[in-house]
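Data first, discussion second: the structure below is written as structure tokens.
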Amino acid sequence: MDYLPNKIIEIKKSASLMSEEIIATRRHFHRNPEMSWRETETSLYIARRLEEWGLTDVRRGFGGTESGVVADLAGDAPGPCVALRADIDALPVFEKNDADWRSQNLGVMHACGHDAHMSALLAAAKILAAMKPDIRGRIRFIFQPAEEIGAPSGARAMIGEGVLDGVDAIGGMHVWSFVRAGLVQWKSGPVMASSDRFDIKFTGMGGHGAMPHDAIDPFVPTAAFVHAVQTIASREINPLEAVVVSIGKIAGGAVHNIIPDEVEIYGSIRAFNPEIRRTMEDRLRRVADGIASAHRCQCEVKVEYLVPSVTNDAPLTEVFRRAAVLAVGEGNVGESPHLMVSEDFSFFQEKIPGTFFFLGVGNPAIGADYPHHSPLFTIDESVLATGAALYAAFGLSALESLKSGLLKAHEPLKQP
Ligand SMILES: [Zn+2]
Ligand SMILES: [Zn+2]
């Protein structure tokens, strides 16, 4: 009856005994960051450890690169398969921290905490590898490259190469510096927004700035569009649904007194509800086309779909929440707010039920409260052992729930 709680206590003990080792591994990754799709040394390091600890079917290199690792841990008894995922890429950021373990690869930095994810998941693999008699089924460890760049997505490439074949459910974790160290957060349903982008070109007819009547000025519809596009969110969408359209770049023109032929606008669209996400392209086109014709211009609209919203399976999230309460205590577990940022973990969730959970690593007393992607980003390493315990406890709990029929694999949410 108390099988799972006892196993989770065992996991927690092993993880805290390994705390120093996990911190050392994280510092190794932090010193040696690699950009998306170039995580060659990182992947080699991970694959070697997994092989050392007796994991099987170790595959390294995805998307035609040497990045990414997948390995299996088969328990002593057969059963379902649960995957655990960590992302492994760093960012083009010049680190400004001066710790011993600061980046040695100048201009590249683990400024999002993926070094923490990898070290925690590696430790979970080591802990679970020592518990094979307790594993009734199979646990697959997915070390995913190229999360940060959106496209080409590492998750998408790995799925295309079969990493989810035979997997019944998946869990993933992100550390947050804006959440206090040690606080674990879960959420059912949509938790992180979808992210797509658009390019719009208004074309008029260039001419002399002194004689606008002999030209067709593409800046006029550009200016009108910047205002009008905000009415999509404020006037067309139910205010209880979250949608953001932001313009990040406007390019056009050369000097003070020449009206250019064309102006380009680049922007980002975020949404939670996949139904609304599907309507955004038509809405942008309608607004842009209407404005272009009002101002005698032509317009071209391109929308590129990047990443769906992270949408957590409710029963699986409840399995995670219970495991987290057993691992860290009720007072350290809470519900996550919605987050407008995105994560390509959502591609896994389009295929199988998944849950994406969060671990607070923020601690202002040690300067660990800079935002993610900042050159001063850092984490409170003392909670890395908790990260390892969460991965391992969730893996074991999800296997048991699948096995007992409490959790049934079912269709995940469809996105465009
Ligand atoms: Zn990031
Ligand atoms: Zn990240």
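The values are calculated or read from the model by the stated rules, or taken from the named source; none is laboratory data. Owing to the predicted nature of the structure, the values given are computational and were not obtained by experimental measurement. Positions of Cβ are generated from backbone atoms using ideal geometry, with glycine treated the same way; all protein chains shown enter the neighbour counts.
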I'd like to check which strands (runs of 3 or more DSSP E) are fully inside the stretch 308-403 and have at least 1 residues that are farther than 16 Å from PRO190 by Cβ and touching a Leu at 6+ places or on another chain (Cβ under 9 Å). 333-335, 354-362
Scan GLY362, GLY367, GLY387 and give me the residue that is within 16 Å of ligand 1 (Cβ to nearest atom), within 21 Å of ARG26 (Cα to Cα) and at pLDDT 95 or above. GLY362
Whichever residue in the stretch 1-37 is part of a helix (DSSP H, G or I) and of a type in the set (Gly, Ala, Ser) and, among such residues, is nearest to ALA388 (Cα to Cα): ALA15
Which residues, counting only those in the stretch 76-94, are more than 17 Å from the chain's Cα centre (by Cα), more than 16 Å from ligand 2 (Cβ to nearest atom) and either buried (at least 19 other Cβ atoms within 10 Å of the Cβ) or over 24 Å from ASP134 (Cα atoms) (or both)? PRO80, CYS81, VAL82, PHE94
Matching entry among ARG140, ARG102 (being away from ligand 2 (no atom under 12 Å from the Cβ) and part of a strand (DSSP E or B)): ARG140
Of the residues that make up the stretch 155-176, is at least one over 30 Å from ILE366 (Cα atoms), at pLDDT 95 or above, within 16 Å of ligand 1 (Cβ to nearest atom) and buried (at least 22 other Cβ atoms within 10 Å of the Cβ)? yes
Does VAL179 qualify as being touching a Lys or Arg at 6+ places or on another chain (Cβ under 8 Å) and either within 16 Å of ligand 1 (Cβ to nearest atom) or modelled with pLDDT of 95 or more (or both)? no
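This table checks each residue for (1) outside any helix (DSSP H, G or I); (2) charged (D, E, K, R); (3) at pLDDT 95 or above; (4) not assigned by TED's automatic domain parsing to the domain that holds ALA210.
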| site | (1), (2), (3), (4) |
| --- | --- |
| ALA251 | yes, no, yes, no |
| VAL255 | yes, no, yes, no |
| ILE269 | yes, no, yes, no |
| ASP282 | no, yes, yes, no |
| ARG286 | no, yes, yes, no |
| CYS299 | yes, no, yes, no |
| LYS302 | yes, yes, yes, no |
So PRO221 ticks every box in (1) farther than 26 Å from GLU350 by Cα; (2) without any contact (Cβ under 8 Å) to a residue 60 or more places away in the chain; (3) not in a strand (DSSP E or B) but one. Which box is left unticked? (2)
Under the condition of being in a loop (DSSP other than H, G, I, E, B) and not β-branched (Val, Ile, Thr), which residue from the stretch 105-130 is farthest from ligand 2 (Cβ to nearest atom)? ALA130
